[in-house]
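Peer 1: Let me begin by handing over the structure; questions about it come next.
Bear in mind these aren't lab numbers, they're just calculated from the coordinates by the rules spelled out. Nothing here was measured: the structure is a model prediction, and the numbers come from that model. All Cβ positions, even for glycine, are placed from backbone atoms using ideal geometry, and neighbour counts span all protein chains on display.
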Amino acid sequence: MSVAISSFPEPSFPPPAAAFAPAAPVFQPAAPGPLLGASPAMQEVFRLIERVGPTEASVLLTGESGSGKELAAQSIHDRSQRRGRPFIAVNCGAIPAGLIEAELFGSEKGGSAGAVRGHTGVFERANGGTLLLNEVTEMPADMQTRLLRVLESRKFYRRVGADIEHSTDVRVIAATNRCPLQAVSSGRLREDLLYRLAVFPIALPPLRSRGRDVELLAEHFLVQLNAQSGTQKRFTPLARMTLRQHTWPGNVRELKNCVERAFILADQALELAPLIQDTGPPTEGAQPDRLEIRIGARIYDMERSLIEATLDHFQGNKRRAADALGCSLKTLYNKLNGYSQRECASS
Ligand SMILES: Nc1ncnc2c1ncn2[C@@H]1O[C@H](COP(=O)(O)OP(=O)(O)OP(=O)(O)O)[C@@H](O)[C@H]1O
Ligand SMILES: [Mg+2]
């Protein structure tokens, strides 16, 4: 089965506009398996995983590094008849060209490297289960040809020229950080292999387009860490603001690592800002992202300063300011009206 190239979805770099999800209750797993997310963008991913999981279709997962492709592959496997059988992930980009053939298909005793024992490749080890081919576009061209032949025939030889043919019953899921169509046009990926792998493509959205999922995930990681160490650490209000404002170019992996580092460093209250080196280029005209508040300041003044500084930060964009402040747009308007009425009354 193959798909027409016109039906292949455009890569989502930059992300699809399912961005800025409505507020999700904190820590509400709404996903298959351990993949979490409440944003519309992730709900769509879960819908696709639920549909394709129980089938035998090859899946191509695309998405930036750290966006959850491996976890998505595991979720697909867990939803298939193959769960309970092996799930094996192999990183095609990390294996030297000379070794990839043996890694995938194994080698016979006395094979190319004069091995004393035969080597079992991942196609044999994953038999009956699922094989995730990470960074599939980094596979050498001749290996891509061989892989295509194996996927079509479900048979392989442990090495070129060997005469024992092995059968394989493996569901293949492939993943790449690259745009697959660009990989084809630049000659990195065979077009026929793309069609064979991308019977069912799924694009993982970058974390920055998942709205409140950032907080949901951060809270989830913190709950896990607290449970492991019997602590009750929590995020400071500033850390929550950092969660919302950072663009997380390393996606969920960066978020997870950052929460873990902050957890180790904190006695009780986790700060994130000092751990984030690159917060991306500042928006033109953006204001500094800190506010100094005098101890003993009136709550009214403190809230007003925070709201006004946040509005300045987002250059007057009330929707984004309300999102960052964690209040509805209506509440923000009411507060601002209150301030101006108070000013009118006192002038
Ligand atoms: N939606 C999610 N819910 C919970 N944890 C997640 C989610 N997405 C990713 N993670 C976690 O983030 C980390 C990175 O995820 P994963 O390895 O699946 O990303 P990837 O897209 O395969 O990255 P790469 O392209 O670098 O291989 C893992 O620790 C994973 O458990
Ligand atoms: Mg991966």
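Peer 1: Provide the FRET efficiency to the nearest 0.05 for the ARG253-GLN182 pair, computing r from the beta carbons and using R0 = 25 Å.
Peer 2: 0.60
Peer 1: Just subtract the alpha-carbon distance of LEU329 and GLN228 from 0.36 nm times their residue separation and send over the number in nm, one decimal.
Peer 2: 32.6 nm
Peer 1: Taking Cα atoms of the range 292-340, Rg/Rh with Kirkwood Rh, to two decimals?
Peer 2: For the range 292-340, the value is 0.97.
Peer 1: Apply the Karplus parameterisation 6.51 cos²θ - 1.76 cosθ + 1.60, with θ equal to phi minus 60°, to every residue of the range 188-205 and state each ³J(HN,Hα) to the nearest whole Hz, in sequence, with x for glycine and proline.
Peer 2: Using θ = phi - 60°, the values come out as 7, 10, 5, 5, 5, 5, 4, 5, 5, 7, 9, 4, 9, x, 10, 9, 7, x Hz.
Peer 1: Now, a different point. Mind checking the full-extension length gain between GLN341 and ARG304? Use 0.36 nm per residue of separation minus the Cα-Cα distance, one decimal, nm.
Peer 2: In short, 12.0 nm is gained.
Peer 1: Then there's this: Given a Förster distance of 41 Å, report the FRET efficiency between ARG149 and ARG319 from their Cβ-Cβ distance, rounded to the nearest 0.05.
Peer 2: For R0 = 41 Å, the calculated efficiency reads 0.20.
Peer 1: Here's something else I'd like to know. Using a 10 Å cut-off around each Cβ, can you sort ASP323, ASP78 from fewest to most neighbouring Cβ atoms?
Peer 2: If I rank by nearby Cβ atoms, fewest first, I get ASP78, ASP323.
Peer 1: Mind sorting GLU152, GLU308 by how few other Cβ atoms lie within 10 Å of their own Cβ, fewest first?
Peer 2: Placing the least packed residue first, the sequence is GLU152, GLU308.
Peer 1: Which FRET efficiency, nearest 0.05, do GLU191 and ASP163 yield, Cβ-Cβ r, R0 41 Å?
Peer 2: E(calc), rounded to 0.05, equals 0.85.
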